[in-house]
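To keep things clear, I will list the structure first and then write my remarks on it.
The values are calculated or read from the model by the stated rules, or taken from the named source; none is laboratory data. No experiment lies behind these values; they were computed from the predicted model shown. Quick reminder, even Gly has a Cβ in these numbers, built from the backbone with ideal geometry, and neighbours come from all protein chains shown. Heads up: the accessible areas ignore ligands, DNA and RNA and are worked out on the full protein's heavy atoms, side chains in. Shrake-Rupley method; radii C 1.70, N 1.55, O 1.52, S 1.80 Å.
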Amino acid sequence: MQLSRLGQGLAVSAVSALVITGLGATVPANAADGAGVRLLSVQDGIASVRRDADNPLGLTVTLTAQRLDRSATIHFEWNTNAAAGNDSTGWNQVNDGSSSQSGVYATTEWSASGVAGSTVALRAVATVPATETTPATTTYSTRNDVAVTGDASPVHAVSLGPVSSYSGSASHGAFFAQPYADSGRDKDLLTVEGGTSATDGTVELSAWNPQTGSFVGSVSAAVSPVSLKVTGLPSAPTYVDGGAFTGVLDITPFDVGAGDVVAVRAERDSDAVAPVQLRAQTISTISSSFSTAGRDDTLVTLLVRDQFSDPVVGAEVRRSANGSVVGYTDADGLVSDTVPSGSVSAGYYVNTTDADLFEQGVDHATGEITTPAYVPVATATGAELADGTVFDDQEYADGDIALQVLDQGGDPIAAEQEVSYSLYPSDQEPTEPTTVTTDPSGRVVVPFDPAGPDGEYTLSFTAPDSAGGMPQEPVTFVAGDAVLDLSPLAGTAPSGGTITYDGSLTVEGEPLAGRVLDLAYVRGTEQAPGTSADAALVIDEERVLDGELTTSRTGTFRVTVGDVVESGGPAETGGTLKVTARGLGDTVDATADFTEVAVPPVTPTPTPTPTPTPTPTPTSPPTPAPGKGRIELRLTGSDKGADVNRLRVRGPASAAGHRVRIHVLTAGGFWRVLEAADLDESGDASVNVDDINGNRVTRYRVRLLPNSRFFAFTSKVLRLR
C-alpha cells in the first residue's frame, strides 16, 4: 500500500502516539545480499495490497533497497516461482525497471494486485557499469516465499509518508535537535507519519542502521481511524476506512544531520520501508487554544511550529509567570495545561535554548491568555440506577430509576427540560416513547413495575429538547428474584479442622455485587463426655457465632467454620450454618460435622527386607477434563389436590446424575429450598411437594447446582394453584 495514493487526504487532527525508546530491537534477517545491493522491504515475507474498497487505485507495495556499490544502478524484479534463484527464468521487472534514488537508497512502487493470493520471489538488482579495467557486473539480493495478500486476507497494509503532514513532502523528514541538556532532553527526534488499512492497534516503527545491518530503535505508534482518499479526482473522491499513525524515532545514535538520508520502516502485518531526507527544524511560533470551559478548569492546548509551519516534537514549553515547565510537545507539536476557568494568566513561552528563563528575541511567547468563564448549558441526559445495573425486585423503591439532565461537563444541571424515554424488556420490541418535562432540578423519575417479568430491561432516552433531542446511548439493567446458593450443603471435616462454604448471589444468572449477607452458626454436640461444642464461624481471624459478609464484584462469597483442636480429636456433629441475604429474605442452611480423628495403633517397626527395585509400569497421561458447559432445565407440574403439587424437571440426558434443588417462594417474599433430587438417566426428575399455599398460587423454580461439568442454572418460575 502506497500512502502517496491511498493515504492522500489523511486527517491531520488524527490522534498521534509519541513513544521514544532506546535502540536495540531488530527484525528478522535480511535477504541474501549481493555485492552491490541489499533488499530492505518485505522483511517478514508479506506484501499486502489490502485496500478495503473496490477501487483500482492505491494497490502498490513500496520496495526499497540499499545501494552497497555507489556506482550501481538499482531496479527490482519479481517471479511467480517462489523459490526462484538468480539464474531461474520468469523474472519480471517492477515498474519497467525504473526506481528513484535517495542517497544510498533506491525505491519504487510495485503494482502487485495481479498476484494477490499467491507466493512469489522478489529481488533487488544492482548493475555496475564496466570500467577500463573491469567488466560490467550484475548482483542480486533475493527474498523467496513472499506472500502477496489482498482484500480477502486479514493481513493489513501499511505505508509511510508524508513524513510532515503540513509540508506534504514524503522525501524530507523533519527532525528537531533538542537543546535542553540540563534537563536531560538533548536527542534528535524524527517525526514519522503514515497510513494503514487497520483502524486500531499499533504500528511498529524503526530505522535502518547500515553499520549493523538491522532495523533498530523500535517504537509503537498508535493507529487512529481516519478516512483514506483512494482517488485524486476532486470531483468524485473515493474514501475507505483506514488508520493514521504518528510516531517519533530517536536518530541521535545515527550521527546524521540535515541533508542526510535515513531509511524508515513501518510494520503492521506487512511492512513499508522508505528513505527520508532529513530537514532540521527551527522553532518559529507558539500558539494557544482552549476547549470549552469546565465547571472549575479549562484545558489550554499549546502548539509549537517550525519555520515551515510543521509541528515540532520534544519542544520545551514553560509558563511565563514563573518559568515552570508545562511539558514537552508530542508528535503533533502539542502540550496541554489545566488552568482555572475565567482566569487571566501571563501565558506561555517555548524555550529555544538550554537557558530556562525567557529570552526576549530568542524564545517565543503566546502573550496574556484569558480563559472563558464556565456557563452551564443543558447538553445531554444521563440515567441514574440507584440499585446498580443488577438488583432484586425487593430492593426497588419508587424513584430508584431516573433521568438527569447534564451540562457540557457531564455534571447535573438544574433546569426544566423536555426529554423522551422508553423502558421495555430487552427481548421485546421497544415501547412508544414517553415525553416528559423534568422537575426544576433537571430530574425525572422513570416508573418501573418490579412485579413485571424478570430479566433484562432496556432504557432508551433522548438528550434535552433544547440540545436537539437526539437519542442517547441506551442503558440496560437486570431485575428479578435473587438466588442464593451455597456449597456444600452438608460440610464435613476432621476434628479440629475447617469447613469452607462457597456461595453466590445472583439475579437471572447475573452477579449481585456489594450485598450484605447475615451469617449465623448454631453449634452441634461435642461427642466427648463432659465437653461443650466449640466450633464457630471464622471471620477476620476471629471466632464468632454470627457476623456478616459482603458479596464480591462477581456476586460470590466464602464462609469458613472452624473447630478447635482438642486432645484425642473428638467428633462434633450437628452444627448448622444459616446464610441470609439481608433485605432480600433468601436463606440457605447448611450442616457442619467434624468427625472423630482415628488414632492408629502403635506397632513395632519391622526390619525391612531388601527387595529388588521393580521396573515401573508406564502409565497413560490422564485425560484432561472437558471445559464446563451450559444446559437448560424446564420445570413443569400439576396440582394433585389442596395439599400436594407434583413437579417434574426436564433436562438433557447429559445432565444425568447431577443434583438439582426445588425452591418455593414463601409468603414472606423469599425463596426457600424445598426439595433436592438427582436427575435420572434421561436428565429428568419427578418430586411430590407439600402445597404450602393451599388454593392460592404457589411459585416454584428449579436450580441446577454448579459442578465440574456444568455452570449453575435457574429455571423460569412455575406458577401452580
At 1.4 Å probe size, with the rest of the protein present, what percent of the exposed accessible area of the stretch 226-349 is carbon and sulfur atoms? 49
Please give the net charge around D363, taking every other residue with its beta carbon less than 12 angstrom from that of D363, where Lys and Arg add +1 and Asp and Glu add -1. -3
Quick check: from the Cα gyration tensor, does the stretch 424-540 come out rounded (a/c under 1.5), prolate or oblate? prolate
Do me a favour and compute the ellipsoid semi-axes for the stretch 267-310 from its Cα gyration tensor, root of five times each eigenvalue, largest one first, whole Å. 34, 21, 5
In whole Hz, the Karplus estimates of ³J(HN,Hα) for the stretch 375-391 (6.51, -1.76, 1.60; θ = phi - 60°; x where Gly or Pro) are 10, x, 10, 4, 10, 8, 10, x, 8, 10, 10, 4, 9, x, 8, 9, 8
So what is the orientation-averaged projected area of the stretch 344-419, using the convex hull of its C-alpha atoms, in nm²? 9.9
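First check a/c for the stretch 450-518, with a ≥ b ≥ c the square roots of the eigenvalues of its C-alpha gyration tensor; if it is under 1.5, answer rounded, and if not, answer prolate when a/b is larger than b/c or oblate otherwise.
Prolate, since a/c reaches 1.5 and a/b exceeds b/c.
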Cα gyration tensor of the stretch 299-439, axes a ≥ b ≥ c as square roots of the eigenvalues: rounded (a/c below 1.5), prolate (a/b > b/c) or oblate? prolate
Summarise the accessible area of the stretch 511-578 (1.4 Å probe, protein heavy atoms) by the percent that is carbon and sulfur. 51
Before I look further, what does the stretch 252-388 give for accessible area per residue, probe 1.4 Å, in whole square angstrom? 42
Note down the net charge around T139, summing +1 for each Lys or Arg and -1 for each Asp or Glu among other residues with Cβ under 12 Å from its Cβ. +1
